[in-house]
Amino acid sequence: MLASEFKRRRRELMRMMGPDSIAILPTAPLLIRNRDVHYPYRPDSDFYYLTGFPEPEAVLVLIPGRKHAEYILFNRERDRIKEQWDGTRAGQEGACIEYDADDSFPIGDLDDILPRMLEQCERIFYVMGCNPQFDKRLSEWLNAIRCESRNGMQGPVEIIALDHYLHEMRLFKSRSELKVMRQAARISAKAHKKVMQACKVGMWEYQLEAEFVRECAHQGAKAQAYPPIVGAGANGCTLHYIDNKDKVEDQQMVLIDAGCEWDYYASDITRTYPVNGIFSTPQRQLYELVLAAQEAAIAKVKPGNHWNDPHDAAVRTITRGLIKLGILKGSLAKLIREEKYKTFFPHRTGHWIGMDVHDVGDYKVDGTWRLFETGMVLTIEPGLYIPAGTKGIAKKWLNIGIRIEDDVVVTKDGCEVLTKDIAKSVAEIESIMAA
Ligand code: GLY
Ligand code: MN
Ligand code: MN
């Protein structure tokens, strides 16, 4: 992402904040996995969205209209010895030169400098409740200012939810964001195709996962947007199965929900297919039903339709199909009203996607589903899951879990499927697996 994009975002946010205000946003903490071992570091998406600054232990401060410096970064100091262990740091000079900050201070000076900045402002824009340690520090700074009120110190009078403004901005993807998301989608689609080609009876779920991750890396994507879900047979019926530890067997279907992260943007794709490359009749019947539901849902993604229209279309198609297959019995309207489909399709049809795989942005506005507008990006991912033990179901349907998931962006007159490069029809899948 170009520096100009980050600058544009900061400017837009500061315009909304107005004068006499301050925004404070710490990045994500570094997390310990186990003794001396950290999880791979990933900055907080809100923080990165405004700064492009990748290091931990940093706090962004924006003070619109402040002379000399509106955009201040608190970040780690350069340190020859620490850098020898953990890699280079931008330091204060780098924060200004490489990351465009108007001013930068060592993170260790936060307690001395930030309260002085707070005193000058009436309104604080802050995300409360996400970082309890930082919440505590902020309330300590505010208390200290209050204690000085007898000396004529006024201090802030209002705390405003920064996320409310920021998440509305993040919901609408710019042209450069869409470029990045298209690339994330392209890479994941290629990796899904590799896995489809590599899949053989007797492999292990984690080997299919490794194939996916390897191809993403080969295409230049170092990180995954979330841990891959690779579940064969009954495991495909566990929605967020990430153990990926079993053998994939003949006659099973395997569900693979995986997507890379590219330049801090997520992709999220699910494909489900028979391990042996040929759909059995019951597998094909259920698969084509999920595919029809997905296509009906995608057709509902266009400006003017509301968030729930794709889900309603998927529910309708799936319920009608389940009646036709004899899995549900009764009238369509009644089964939908009584949500009988939920036994087999227990989740919603999608979510916003962006820097976070389950991205930010409100789904309802003033209590009603929000309308689609151009630049919104979402997933469409209906599924059917029939684990062993589902009551009153013929044996042939058991242990089949199917989800089909694509990422789509709302366009002027409909939508564009970002993840279209990976096949999903029965014929295409069988032909890829046969080759
Ligand atoms: N990969 C998680 C989801 O599809 O929402
Ligand atoms: Mn997914
Ligand atoms: Mn998803």
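If we scan region 250-267, do we find a residue that is loosely packed, with under 15 Cβ neighbours inside 10 Å, on the phi < 0 side of the Ramachandran plot and more than 10 Å from ligand 2 (Cβ to nearest atom)? Yes, that holds for at least one residue. In region 88-108, the count of residues that are within 19 Å of L13 (Cα to Cα) and surrounded by fewer than 14 Cβ atoms within 10 Å (Cβ to Cβ) is zero. In this structure, F134 does not qualify as in contact (Cβ under 8 Å) with a residue 40 or more places away in the chain, under 30 Å from I353 (Cα atoms), surrounded by 15 or more Cβ atoms within 10 Å (Cβ to Cβ) and out of contact with any strand residue (DSSP E or B) (no Cβ under 6 Å at 6 or more places or on another chain). Just one of (1) within 21 Å of the chain's Cα centre (by Cα); (2) on the phi < 0 side of the Ramachandran plot fails for G361. It is (2). Which one of these does Y49 not meet: (1) at positive phi; (2) buried (at least 20 other Cβ atoms within 10 Å of the Cβ)? Result: Y49 passes all but (1).
Going through (1) outside any loop (DSSP other than H, G, I, E, B); (2) within 30 Å of G231 (Cβ to Cβ) one by one, V201 falls short only on (1). With respect to V301, determine if the residue is more than 16 Å from ligand 1 (Cβ to nearest atom) and within 27 Å of W262 (Cα to Cα). So V301 fits the description; yes. Selection within region 362-381: residues that are in contact with a Gly (Cβ under 8 Å, 6 or more places away or on another chain) and within 16 Å of ligand 1 (Cβ to nearest atom). The member of this set that is farthest from S176 (Cα to Cα) is E381.
When you scan region 316-328, do you find a residue that is among the aliphatic types (A, V, I, L, M), in a loop (DSSP other than H, G, I, E, B) and over 24 Å from W397 (Cβ atoms), even just one? No: region 316-328 contains no residue that is among the aliphatic types (A, V, I, L, M), in a loop (DSSP other than H, G, I, E, B) and over 24 Å from W397 (Cβ atoms). On inspection, K222 fails the criterion of being farther than 16 Å from A189 by Cα and either within 12 Å of ligand 1 (Cβ to nearest atom) or of a type outside the set (V, I, T) (or both). Filter region 19-35 down to the residues that are in contact (Cβ under 8 Å) with a residue 60 or more places away in the chain and either closer than 19 Å to A161 by Cβ or among the hydroxyl-bearing types (S, T, Y) (or both) and list them by number. The answer is D20, S21, I22, A23, I24, L25, P26.
Each reported figure results from applying straightforward, stated rules to the coordinates on display, with no laboratory input. Bear in mind that the values here come from a model prediction, so they are computed numbers and not experimental data. FYI the Cβ positions are ideal-geometry reconstructions off the backbone, even for glycines, and counts take in every protein chain you see.
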